[in-house]
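Undergrad: This structure is in structure tokens; I'll ask about it shortly.
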Amino acid sequence: MNSPLVLEPLFHVGPIPITSPVLVTWAIMIALALICRFATARLTLEPSRFQAVLELLVSTVDGLVADTMQSEPARYRALIGTILIYVLIANWSSLIPGIEPPTAHLETDAALAFIVFCATIYYGVRALGLGGYLRTFAEPSWVMIPLNVVEQITRTFSLLVRLFGNIMSGVFVIGIVLSLAGLLVPIPFMALDLLTGAVQAYIFAVLACVFIGAAISEGQASRKSDGKEPTSP
Amino acid sequence: MQIDWWTLGLQTANVLVLVWILGRFLFRPVAGMIEQRRVLASKALDDARVAQAAAEAARAEAERTTADLARSRADALKKAAQEAEAEKQGIIAAARTEAERVREAAKADIARARADEAAAARGRASALALDIADKLLSRLPEQARIDGFIPGLAEGLAALPDEIRAGLGADGHPVRLKAARALSDAEVNACREQLSRALGRPVEIACETDPALIAGLELDMPHAAVRNSLRADLDRVAGALAKGSKAGAPGSNGSATP
């Protein structure tokens, strides 16, 4: 019996193996692209109900970014909003029979965490410059450089492990209960899984904001203490 | 447990592509619409502020106009009150003048009425006196109505100026002698004698009867007259009474001397 944590390729495109998370992610991408293209084709100043929902979603993402990062949300809206929407839909995709959520596999969570890691570095360098960003690792003293480097890696690792553990455990619990009990018994666990998926999506997006915001604000705080002008993020 | 690096790479690319898709087709247009609505709302608010400022200015102007109107109204009322007071004073003055005029006219009417009443009273007194005198004379003999008045007539004639006396009866015309009753021949002769003596030359007389004389004689000449009759005496008394009443001294008829 193969481990459920091991991905088996469904098919190959050339030398590239295509696994189920990739396939489900493509499906999610296509669905989101079509919905967004259709939904935003008829935007008006007097919004319909669906447009109001979309505006509420965008306003929520903007509020999340603004509250967490204390910065203008336009620059981070696409990244944070995409992470929130994708993780939420990926987590809830387990409701479709036969679909295993992509976030229940380590590769997808690692990809998301890697993107957040790279975004943290990108926005930190963009806001503070390369030297300024690197100097943040020496705060409050150079002795802290190893610890800060380790912190960058471990918090990214914790990000992916948290999402992976929660979603994977939910899938396992439902699978185990379904194999042990009848057809309707897993439903409460599935409902709980929905709540867990929403909470994990929100936590992942908030932590992404926190990490990026920390990369920006730490440098600005150190520059203020040095008497230098802060760079606009 | 092992990591499928191909899946990791593909998922990373997938998420990045999804970031672009959602950013391009969801977040940008929706955020743009929100921003557009915010701009329109801000513009509407600005327009509302401008309109409010204009309304405030209009209200201030209206209040200023109202204050000006109130001030003008107060001034107009004050002016109207002054004009009304002036007109009132004018009306009062005119009324006083009219009242004074009416009072003066009433005074004049009263005085005239009093004068008329006095004249009427005098007339009645004269009539009464004539009646009394007539009744008294009726108790005397008829001769007394003439005899006692002939000397007085001669004295009156003698008192006339010389030129008048010289012209009396000089052109051959007889002297007109009026008597209270028809004279007898003796009385005519007596009169002729007395008058001739007074004139210093003989004179002819033409006798006329005038009962209004009551008693006595009168001479009528073109430019003079000699009255020595009871009627003339009563007229003089009445004239004296009238003069006394005009002078505000009633009861002066006893002082008149015939």
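The values are calculated or read from the model by the stated rules, or taken from the named source; none is laboratory data. Bear in mind that the values here come from a model prediction, so they are computed numbers and not experimental data. Here the Cβ positions follow ideal geometry from the backbone for every residue, glycine too, while neighbour counts run over all protein chains shown.
Undergrad: Pick from the range A:59-83 the residues that are under 18 Å from A:VAL116 (Cβ atoms) and outside any helix (DSSP H, G or I): which of them is farthest from the other protein chains (Cβ to nearest Cβ)?
TA: By that ranking, first place goes to A:SER71.
Undergrad: Scan the range A:97-111 for residues that are surrounded by fewer than 21 Cβ atoms within 10 Å (Cβ to Cβ) and either touching a helix residue (DSSP H, G or I) at 6+ places or on another chain (Cβ under 7 Å) or assigned to a helix (DSSP H, G or I) (or both) and jot them down.
TA: Within the range A:97-111, A:ILE99, A:GLU100 qualify.
Undergrad: Could you list, in sequence order, the residues of the range B:153-189 that are within 54 Å of the chain's Cα centre (by Cα), within 15 Å of B:ALA232 (Cβ to Cβ) and in a helix (DSSP H, G or I)?
TA: Scanning the range B:153-189 gives B:LEU153, B:GLY156, B:LEU157.
Undergrad: Could you figure out which of (1) within 16 Å of A:ARG75 (Cα to Cα); (2) facing chain A (nearest Cβ under 8 Å) isn't true of B:THR12?
TA: Result: B:THR12 passes all but (1).
Undergrad: Being assigned to a strand (DSSP E or B), among the small types (Gly, Ala, Ser) and surrounded by 21 or more Cβ atoms within 10 Å (Cβ to Cβ) is the filter here, so list the residues in the range B:215-234 that pass it.
TA: Residues satisfying the conditions are B:GLY216, B:SER229.
Undergrad: Condition check: more than 8 Å from every other protein chain (Cβ to nearest Cβ) and either surrounded by 13 or more Cβ atoms within 10 Å (Cβ to Cβ) or over 18 Å from the mean Cα position of the chain (by Cα) (or both). Does A:VAL22 satisfy that?
TA: No.
Undergrad: Ok, one more. Those residues that are more than 8 Å from every other protein chain (Cβ to nearest Cβ), aliphatic (A, V, I, L, M) and not in a loop (DSSP other than H, G, I, E, B), I need them from the range A:84-96; list them, please.
TA: A:LEU84, A:VAL87, A:LEU88, A:ILE89, A:ALA90, A:LEU95
Undergrad: Go through the range A:27-54 and report how many residues are in a helix (DSSP H, G or I) and either more than 7 Å from chain B (Cβ to nearest Cβ) or basic (Lys, Arg) (or both).
TA: 16
Undergrad: While we're here: Got at least one residue in the range B:40-50 being closer than 30 Å to A:LEU34 by Cα, at pLDDT 90 or above, out of contact with any Cys (no Cβ under 6 Å at 6 or more places or on another chain) and within 14 Å of chain A (Cβ to nearest Cβ)?
TA: The answer is yes, given that some residue of the range B:40-50 is closer than 30 Å to A:LEU34 by Cα, at pLDDT 90 or above, out of contact with any Cys (no Cβ under 6 Å at 6 or more places or on another chain) and within 14 Å of chain A (Cβ to nearest Cβ).
Undergrad: Considering B:ALA256, B:ALA212, which residue is modelled with pLDDT under 85, of a type in the set (A, V, I, L, M, F, W, C) and surrounded by fewer than 12 Cβ atoms within 10 Å (Cβ to Cβ)?
TA: B:ALA212
Undergrad: Closer than 19 Å to A:VAL24 by Cβ, away from every other protein chain (no Cβ under 14 Å) and not polar (S, T, N, Q): is that true of A:LEU194 in this structure?
TA: Here the answer is yes, as A:LEU194 does meet what is asked.
Undergrad: Still on this structure, please answer the following. Spot the failing condition for B:ALA99; the list is (1) more than 30 Å from B:ASP235 (Cβ to Cβ); (2) part of a loop (DSSP other than H, G, I, E, B), and only one is missed.
TA: Condition not satisfied by B:ALA99: (2).
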